[in-house]
Amino acid sequence: MTDRLRYSVICVVTAACAIATLSAASPSEPPSNWPQFRGAENAGLADIPAGDLPTTLAKDDFRWEIKLGGAGYGSPAVWAGKAFVLTCDERTGLRQAVCVSVEDGKVLWRKDYRFGVVRHHRDNSLAASTPALDANRVVVCWASAKEVTVHALDHDGNEKWRRSLGGYSTKHGPCVTPIIHEGTVYVANDNMGPSVLAAINADDGEVKWKTDRPSGKAAYGTPLIYRPGGGKKPQLVVSSTGGGIAAYDPDSGKPLWAAADANPLRVVASPVQAGDAVVSSSGTGGRGKWIIAVRPPKAPGGQAQTAWKLEEDAHYVPTPVAVGDKLFTVHDSGLIACYQSSTGKQLWKSQLEGRFYGSPVCAGGRIYVLSRTGILYCYAAAGKFELLGKTDLGEPSFATPAFAGRKMLLRTHTRLICVEKKRD
């Protein structure tokens, strides 16, 4: 190699290394997808710098606001600049899947479904569930008076397949929310009648497997993809009164372990992974009565162990959020608390005004949660309570905030609102 050629090679390599260093040092954009209830992994965590989020919303933080053309309680999900949300007309039974541009709030399409009116509790809705998304699909669940069905659409609103999960017998009405994991749709139909857990191929709607579940009180939580330590294979975890906390092989549906008596009362919140444990709650009469954390067995065939359980200050409808070694809960009555995930030790508790159905999420080291009257609260995700701000959205909400990059999407009963901190 000549000296001139050697010098040229050195310059090229040096320049490439410099570019790589600059790229690595540049701040990355926050993830733009929020693919299902409570986002990626159902964890309720958004990787957004604290400085990019408002605590109390100012007028200039509201990017857009639209009427959805119906009502509903389910939360939005986001993929590639599109937000998807469900809505309905309770008088006629018309339901719609609605696609909205995150950039400007323009409604891109609506897909109508007509299943008739289904009786339900006044705090339930025909559009109470949340869509699940991946790069090619929008998966939604609907209920008629006779059955629960799973529907897959492409991102342009064209339906690709439909599958039935059977009937749904319940005192409070149906609400089934799916998840998608590695090309498979997982959905649990836990109710008072015949119950099932199903895995459906997201491409063509073929049922990969279906496992019968113990019937009991209807459960409303979404399935959890539990990730054991040490790079072990993920597990599919569901929680109900009849089946307790139970784990299945995502590929085959084979039962892996169960804590059969974990939930003595009705289960509404979704199970959450907190460290190496699964946290679940149950209650009755609009109040949580019981929180339990279960550690799965370390080896196949082993027994799940109770890590801790509490019989006071329990959450019921809102699903908690685990942040590092802390678990943040919101009680339906507005009592909020922070626990040490490994021991269940309560680090603090406080009280917010109002009642709550929406679940807390964490972004930028802050907890955001919507009250039933539409007050957005923000407080520190820390070992000491600190209220950072609150904003009245002007309409009731039972939904959970979603994120699209630096934008936060807030669903009230009839509106979808996009907020983003105004930049100087």
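The values are calculated or read from the model by the stated rules, or taken from the named source; none is laboratory data. The structure displayed is predicted, hence computed values, not measured ones. Virtual Cβ from ideal backbone geometry, glycine too; neighbours counted across all protein chains shown.
Which condition breaks for LYS82 when tested against (1) over 27 Å from VAL317 (Cβ atoms); (2) surrounded by fewer than 18 Cβ atoms within 10 Å (Cβ to Cβ); (3) basic (Lys, Arg)?
Only one criterion is unmet by LYS82, namely (2).
How about the range 228-255: which of its residues are of a type outside the set (D, E, K, R), over 20 Å from the mean Cα position of the chain (by Cα) and over 26 Å from ASP325 (Cα atoms)?
THR241, GLY242, GLY243, SER252, GLY253, PRO255
Condition check: at pLDDT 95 or above and closer than 27 Å to SER371 by Cα. Does ASP104 satisfy that?
When the stated conditions are applied, ASP104 passes them.
Looking at ALA246, ALA219, which is the one that is touching a residue at least 40 places away in the same chain (Cβ under 8 Å), of a type in the set (Gly, Ala, Ser), closer than 23 Å to ALA259 by Cα and crowded, with 24+ Cβ neighbours inside 10 Å?
Unique residue meeting the criteria: ALA219.
Yes or no, residue by residue, for (1) assigned to a strand (DSSP E or B); (2) crowded, with 24+ Cβ neighbours inside 10 Å; (3) not aliphatic (A, V, I, L, M):
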| residue | (1), (2), (3) |
| --- | --- |
| ALA322 | yes, no, no |
| LEU327 | yes, yes, no |
| SER333 | no, no, yes |
| GLY344 | no, no, yes |
| SER350 | yes, no, yes |
| ARG355 | no, no, yes |
| GLY358 | no, yes, yes |
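So the check is Cβ under 7 Å with 6+ separation or different chains; which pairs have a first residue in the range 334-354 that's under 26 Å from THR391 (Cβ atoms) and a second one that's of a type outside the set (Phe, Trp, Tyr) and modelled with pLDDT under 95?
LEU335/ASP313; ALA337/ASP313; LYS349/ASP313
Which condition does THR87 not pass, out of (1) surrounded by fewer than 15 Cβ atoms within 10 Å (Cβ to Cβ); (2) more than 25 Å from HIS181 (Cβ to Cβ); (3) modelled with pLDDT of 95 or more, if it passes all the others?
Looking at each condition in turn, THR87 falls short on (1).
Hey, which of the strands (runs of 3 or more DSSP E) in the range 161-219, taking only ones fully inside, have at least 2 residues that are over 15 Å from CYS141 (Cβ atoms)?
Strands (runs of 3 or more DSSP E) meeting the threshold: 207-213.
So LEU108 passes all but one of these: (1) of a type in the set (A, V, I, L, M); (2) farther than 27 Å from ALA269 by Cβ; (3) in contact with a His (Cβ under 8 Å, 6 or more places away or on another chain). Which condition number does it fail?
In the conditions (1) of a type in the set (A, V, I, L, M); (2) farther than 27 Å from ALA269 by Cβ; (3) in contact with a His (Cβ under 8 Å, 6 or more places away or on another chain), LEU108 misses (3) alone.
Residue-wise test of (1) over 23 Å from ASP276 (Cβ atoms); (2) touching a Cys at 6+ places or on another chain (Cβ under 7 Å); (3) not acidic (Asp, Glu).
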| position | (1), (2), (3) |
| --- | --- |
| PRO178 | yes, yes, yes |
| HIS181 | no, no, yes |
| THR184 | yes, no, yes |
| ASN201 | yes, no, yes |
| GLU206 | yes, no, no |
| LYS217 | yes, no, yes |
| PRO228 | no, no, yes |
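Of the numbered conditions (1) surrounded by fewer than 16 Cβ atoms within 10 Å (Cβ to Cβ); (2) under 20 Å from ILE225 (Cβ atoms); (3) without any contact (Cβ under 8 Å) to a residue 40 or more places away in the chain, GLY193 satisfies every one except a single condition; which is it?
Evaluating GLY193 over (1) surrounded by fewer than 16 Cβ atoms within 10 Å (Cβ to Cβ); (2) under 20 Å from ILE225 (Cβ atoms); (3) without any contact (Cβ under 8 Å) to a residue 40 or more places away in the chain leaves (2) as the failure.
List the number of the failed condition for PRO194; all other conditions in (1) at pLDDT 95 or above; (2) of a type outside the set (Gly, Ala, Ser); (3) farther than 30 Å from LEU310 by Cβ hold.
(1)
Does GLY302 meet the test of being within 23 Å of GLU41 (Cβ to Cβ), more than 18 Å from the chain's Cα centre (by Cα) and either at pLDDT 95 or above or surrounded by fewer than 18 Cβ atoms within 10 Å (Cβ to Cβ) (or both)?
no
Considering only residues that are among the basic types (Lys, Arg) and touching a strand residue (DSSP E or B) at 6+ places or on another chain (Cβ under 8 Å), which ones fall in the range 265-319?
Passing the criteria: ARG266, LYS289, ARG295, LYS309.
Does the range 93-116 contain at least one residue that is over 30 Å from TYR379 (Cβ atoms) and of a type in the set (Val, Ile, Thr)?
yes
Evaluate the range 141-158: report whether one residue or more is surrounded by fewer than 18 Cβ atoms within 10 Å (Cβ to Cβ), of a type in the set (Gly, Ala, Ser) and touching a strand residue (DSSP E or B) at 6+ places or on another chain (Cβ under 7 Å).
Yes, some residue in the range 141-158 is surrounded by fewer than 18 Cβ atoms within 10 Å (Cβ to Cβ), of a type in the set (Gly, Ala, Ser) and touching a strand residue (DSSP E or B) at 6+ places or on another chain (Cβ under 7 Å).
Considering only residues of the range 360-372 that are part of a loop (DSSP other than H, G, I, E, B), out of contact with any Asp or Glu (no Cβ under 8 Å at 6 or more places or on another chain) and of a type outside the set (D, E, K, R), which is nearest to VAL267 (Cα to Cα)?
PRO360
If a residue has to be outside any strand (DSSP E or B) and either among the aliphatic types (A, V, I, L, M) or surrounded by 23 or more Cβ atoms within 10 Å (Cβ to Cβ) (or both) to count, how many in the range 305-319 make the cut?
Within the range 305-319, residues that are outside any strand (DSSP E or B) and either among the aliphatic types (A, V, I, L, M) or surrounded by 23 or more Cβ atoms within 10 Å (Cβ to Cβ) (or both) number 6.
Can you name the residue in the range 267-289 that is in a strand (DSSP E or B) and over 19 Å from the mean Cα position of the chain (by Cα) and is also modelled with the lowest pLDDT among such residues?
Step by step, filter the range 267-289, then rank; the result is ARG287.
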